[in-house]
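To start, the structure itself, in structure tokens.
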Amino acid sequence: MPMKRAGWCTYLAGLTLWTPCAFSLLGQAPGRLLSSRQEALGKVIAGTTAETQRPSLPSSARELPVLTCVYSDGAGGTNETHHWLGASPPWHGAIPVAHPLNKLVQSAVKACPPAVSPAAIAAAAGLTAKPAAAAPVEEPPVRAAIPLPSFELTAADFKTQGMEYQSTFHAIYAGNFRDVPFERDTAELRVTMNSYIVAFSNNCRSFLRGDVVQVTNWNQQAGVVVYAEADLLDARRQLERIGAGRALGDAFSMLTDGGQKMLRMARNGLALKSEVEDLIGRNGCESRGLRRFRDNLRLFALDEKPIRLAQDGGAPAPPKPPSRTAANQNYTRLIDELIGANSRSWAMNRYIAGSATGARVISRDGDGNPRRVEASYTFNGMQGRASGSVILEFSEDRPKCLYFFDFPAVCRVPDRQIVTAYEQGRFATRE
């Protein structure tokens, strides 16, 4: 009669032989570690009371890594425990002791304990169990959520005190783009962007996120390789494109004052570069404030809506103006002022103020709002008075680019103060 498997294992264990049977017996011992895995906190808390009572967890909390340890229950099944991987997040200490998250995700570890006690297994099984669906009732009781601290960024989360460009950096960080003292097509913004990319690559390369690419077309010191996040590099390329339309005018204007403007630009560029490097050092590679500055710097370069602070330094967003159409806007006056502001950087020609005329809508968007408006104007050039034309392009009912007849493919960025005045209705005609 063949011996049962348990009998064979008992017999072989008595011979102190390491056999598959012995391994099987050990593997099924209650509380023995079977496996481990790393998963996001959002997946761990999904469907548990820890998820229903998380009104103020930071938005990034769901992506935090959690170490899940799988143990044998001694009966052919498994139980799990969850731990912070390496160290608990900084905000964890502010959570009340009674909060379910403190019971669900236990101590911080670097690796799963090789075994746990039966009591710990029993506790873990109760903590990680998903709550059963409550029977439907007409008026279910309202569960009082345990309040957690707010993790919204404030002005104090970004260190700029005492810097020469303190107000500029903070305006970008806070999303107050109207307070940034330079335009998107200026050398100052390109220097700020380039300096950030290089300094972050040199000092914080391991903290780059997402799609990271090597920058190969910059003149860097020998042996220095620059890496950048692809979306930020795309914004930098956009700055280079729109800056090309202004570069020639800046070059000529530098020759008209004995080189003083060139010296000022060189000095400002060096100061900006130095302070951007200092900005990264002050705030640190992992700083949420520095990351917000980086995100808003990209949005400013692309002329997109900023991420604004909810409190402490973030001015309230202005009320959205009513939809505008060609019927109630004086586009001739708007274009006249935009040309006048832009002409300050022209190399040779001189705009004759008030000469814009004949503004007409040449295309509209899907909502019927003007997309492109064309007008004529007069200027003094090398051969005397002459006429030209310009197309003003809108994006989301907001002036975005000026395309002049002599550089039809170059986007000249409209003056932001005039754009703001347009948004506030200053060019609306009286009905």
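Quickly work out the residue 274-to-residue 387 label distance, labels modelled 7 Å from Cα along the C-beta direction, and quote it in nm with one decimal.
Roughly 5.3 nm, to one decimal.
Return the distance in nm (one decimal) between the two label points of a simple spin-label model at residue 91 and residue 35, each offset 7 Å from Cα along Cα→Cβ.
3.2
Put a dot 7 Å past each Cα toward the Cβ at residue 110 and residue 179; how far apart are the dots in nm?
Taking the two extended label points, one gets 4.5 nm.
Compute the length gained on full extension between residue 328 and residue 406: take 0.36 nm times their separation in residues and subtract their Cα-Cα distance, giving the result in nm to one decimal.
Details: separation 78, 0.36 × 78 = 28.08 nm, distance 2.98 nm.
Separation in residues times 0.36 nm, less the Cα-Cα distance, equals 25.1 nm.
Once the piece of chain linking residue 423 and residue 286 is laid out straight, how much longer is it, given 0.36 nm per residue of separation minus the C-alpha distance between them? Display every interim value, and only then the final one.
Numbers: separation 137, 0.36 × 137 = 49.32 nm, distance 3.68 nm.
Answer, rounded to one decimal: 45.6 nm.
Using the number of other C-beta atoms within 10 angstrom as an exposure proxy, rank 348, 193 with the fewest first.
348, 193
Give, in nm to one decimal, the length gained when the segment between residue 214 and residue 237 is fully stretched (0.36 nm per residue of separation minus the Cα-Cα distance).
Numbers: separation 23, 0.36 × 23 = 8.28 nm, distance 1.41 nm.
Stretched out fully, the residue 214 to residue 237 stretch lengthens by 6.9 nm.
If we count other beta carbons within 10 Å of each Cβ, what is the order of 294, 385, fewest first?
385, 294
Please report, in cubic angstrom per residue, the volume enclosed by the convex hull of the alpha-carbon atoms of the range 326-423.
Working: hull volume 9.0 nm³, N = 98.
About 92 Å³ per residue, rounded to a whole number.
Using the number of other C-beta atoms within 10 angstrom as an exposure proxy, rank 196, 227, 71 with the fewest first. Intermediate results must be reported in sequence, preceding the final value.
On the way: 196 23, 227 16, 71 28.
Least crowded to most crowded, the residues run 227, 196, 71.
May I ask which of 159/305; 110/159; 273/400; 43/159 have a Cα-Cα span longer than 25 Å here? Numbers along the way, then the final one.
Values: 159/305 23 Å; 110/159 32 Å; 273/400 28 Å; 43/159 34 Å.
The pairs that break the limit, which is 25 Å between Cα atoms, are 110/159; 273/400; 43/159.
None of the figures in this text is laboratory data; all of them are computed from the coordinates on show. Small disclaimer: the values here were computed from a predicted structure and weren't measured. Neighbour counts run over all protein chains shown; Cβ positions are idealised from the backbone, glycine included.
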